[in-house]
Amino acid sequence: MSFEYRNGSLYCESVPLAEIAASAGTPCYVYSTAGILSRFLEYDSSFDANQPHTVCYAVKANSNLSVLRLLAQAGAGFDIVSAGELYRVLRAGGDPSQVVFSGVGKTFAEIDYALKSGIHSFNCESETEIEWISECATRQGKEARIALRVNPDVDAATHPYISTGLKENKFGIDIALAEEAYRKANALPGLIVDSVSCHIGSQILNPTSMLEAVDRVLALIERLRDQGVRITHVDLGGGLGIAYKPNDATPSIREYIGQLNARLAGRNLHVAVEPGRSLVAESGVLLSKVILHKHNGSKLFTVIDAAMNDLMRPALYQAHHEIQPVHQHQGRDTVTADIVGPVCESGDFLAKDRQMPSVEIGELLAIRDAGAYGFVMSSNYNSRPRAAEVLVDGSSWKIVRERETFEDLIQNEL
């Protein structure tokens with residue numbers, strides 16, 4: 001395990017978290033190299049030996065340069081949703097020919113930059129976007145490989161903010177209209193129309209809905225092939241969730257990929273998958289320190305130095321993160337408290353009515369499973385400098401993003 005107690009102290013790999021907090025300060029994100037790489041290798045090795053595939057890490061989950069470099073060196077491709085993410089991937093040493101550009105609102109400038117960078121392909125979400133890519137590729141004298149992201153109208157059974165596969169969502173092209181859209185795309189210059197893409201949402205604990213979408217996409221591919229559209233690639237997106245709550249179960253990567261192997265056998269398709277959360281979430285914690293305790297009548301608030309600007313998920317999604325003392329003590333009382341930050345918002349909480357061991361002022365807490373959609377969603381709200389980020393590798397660790405200073409807050413202002 002990436003994080004475990006040893007002699008009463010919580011460790012990341014072979015490093016006590018208290019050591020990191022004493023040097024790097026709090027709040028602080030800590031990531032495990034071994035945890036991230038083991039998840040990537042589980043995806044990669046689960047595909048059949050004769051099944052061509054690419055595991056494209058979804059950069060939006062955690063875009064720290066050192067995390068991206070770690071995955072690039074392991075052979076990962078990358079799923080990006082902005083030109084800024086492409087810039088990060090290139091700076092981290094990622095191979096542009098292994099990059100897939102997704103997202104519903106690509107600008108002409110972003111398309112131009114991606115083509116000049118030599119990315120592998122675009123997952124297109126509208127006919128307007130397809131026309132822009134055709135125009136841009138023709139102007140550059142290039143051919144752009146594209147997939148149409150089809151919306152299969154499958155309910156991902158997840159939080160509505162991270163569901164993307166229904167007709168009511170902004171993503172993709174209605175699968176019922178896809179064949180006509182492919183015919184139109186095939187008639188445009190500068191395009192290689194050889195792929196179908198699909199992604200129905202995130203934090204999916206039961207892969208049944210994902211596999212239903214896969215079946216609909218594979219049926220579409222057969223119809224397109226019958227009509228003379230040469231489909232050689234399929235991008236099945238990401239979406240596997242993790243067990244944030246103790247009673248949940250993290251879906252098996254190996255079993256899910258095994259289901260894909262069975263469906264893809266004999267179809268002569270190169271497959272891409274785009275995991276994000278399931279690669280990095282469980283390999284990260286947010287370290288924080290207790291500032292004080294406050295009673296409002298019978299209500300107990302434990303105020304810590306991490307806040308909603310550091311970890312937005314609880315306020316935005318009512319998401320659950322386990323919170324543990326970095327140091328275990330025998331005989332602690334159990335209390336029920338709201339774990340809150342110093343931000344001037346009632347929505348600034350990390351947990352509500354949480355039963356947990358009582359903790360002292362100055363004590364360290366670890367907010368678990370914070371490796372995905374943690375730092376990347378953080379902000380400077382209330383003019384709070386953003387946290388440091390640390391990467392642990394065995395018995396060594398290094399700061400991979402310095403804590404912001406007050407000067408950093410205003411460096412671009414006039």
Notebook entry, point to check: Looking only at residues in the stretch 204-219 that are surrounded by fewer than 22 Cβ atoms within 10 Å (Cβ to Cβ) and touching a Phe, Trp or Tyr at 6+ places or on another chain (Cβ under 9 Å), which one is nearest to Thr138 (Cα to Cα)?
Noted result: Leu211
Margin query: All but one of (1) without any contact (Cβ under 8 Å) to a residue 12 or more places away in the chain; (2) crowded, with 19+ Cβ neighbours inside 10 Å hold for Gln330; state the number of the condition that does not hold.
Written below: (2)
Note to self: Based on this model, can you work out whether Ala265 counts as among the hydrophobic types (A, V, I, L, M, F, W, C), over 16 Å from the mean Cα position of the chain (by Cα) and either surrounded by 15 or more Cβ atoms within 10 Å (Cβ to Cβ) or at pLDDT 95 or above (or both)?
What the structure shows: yes
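Can you confirm whether Thr232 is of a type outside the set (Gly, Ala, Ser) and within 16 Å of the chain's Cα centre (by Cα)? Reasoning before the result, please.
On the way: of a type outside the set (Gly, Ala, Ser): yes; within 16 Å of the chain's Cα centre (by Cα): no.
No: the conditions fail for Thr232.
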Notebook entry, point to check: From the residues in the stretch 120-152 that are over 16 Å from Val193 (Cβ atoms) and modelled with pLDDT of 95 or more, which one is surrounded by the most Cβ atoms within 10 Å (Cβ to Cβ)?
Noted result: Gln140
Next item on the list: Within the stretch 295-318, track down each residue that is in contact (Cβ under 8 Å) with a residue 60 or more places away in the chain and surrounded by 17 or more Cβ atoms within 10 Å (Cβ to Cβ).
Entry: Ile304, Asp305, Ala306, Ala307, Met308, Asn309, Asp310, Leu311, Met312, Arg313
Note to self: I'd like the residue in the stretch 227-283 that is charged (D, E, K, R) and assigned to a loop (DSSP other than H, G, I, E, B) and, out of all such residues, is nearest to Ser102 (Cα to Cα).
What the structure shows: Glu274
Margin query: Residues to consider are Ser66, Ser23, Ser38, Ser102; find the one that is crowded, with 21+ Cβ neighbours inside 10 Å, under 28 Å from Ala387 (Cβ atoms) and not charged (D, E, K, R).
Written below: Ser102
Notebook entry, point to check: Can you name the condition, by its number, that Gln328 falls short on among (1) at pLDDT below 95; (2) closer than 24 Å to Gln203 by Cβ; (3) in contact with a Phe, Trp or Tyr (Cβ under 9 Å, 6 or more places away or on another chain)?
Noted result: (2)
Notebook entry, point to check: If you check Leu409 against the conditions, is it touching a helix residue (DSSP H, G or I) at 6+ places or on another chain (Cβ under 6 Å), more than 25 Å from Tyr244 (Cα to Cα) and surrounded by 14 or more Cβ atoms within 10 Å (Cβ to Cβ)?
Noted result: yes
Next item on the list: Looking for whichever is in contact with a strand residue (DSSP E or B) (Cβ under 6 Å, 6 or more places away or on another chain) and either in contact (Cβ under 8 Å) with a residue 24 or more places away in the chain or in the same structural domain as Asp305 (by TED's automatic domain parsing) (or both) here; the options are Ala388, Ala372. Which one fits?
Entry: Ala388
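Out of all the residues in the stretch 90-123, which are in a helix (DSSP H, G or I) and among the aliphatic types (A, V, I, L, M)? Steps first, answer last, please.
In the first step, residues of the stretch 90-123 are kept if they are in a helix (DSSP H, G or I); the result is 90-91, 96-98, 108-117.
Answer for the stretch 90-123, where residues must be in a helix (DSSP H, G or I) and among the aliphatic types (A, V, I, L, M): Leu90, Ala109, Ile111, Ala114, Leu115.
The values are calculated or read from the model by the stated rules, or taken from the named source; none is laboratory data. Quick caveat, the model's predicted, so the values are computed rather than measured. Every residue, glycine among them, receives a Cβ derived from its backbone with ideal geometry; neighbour counts consider all protein chains shown.
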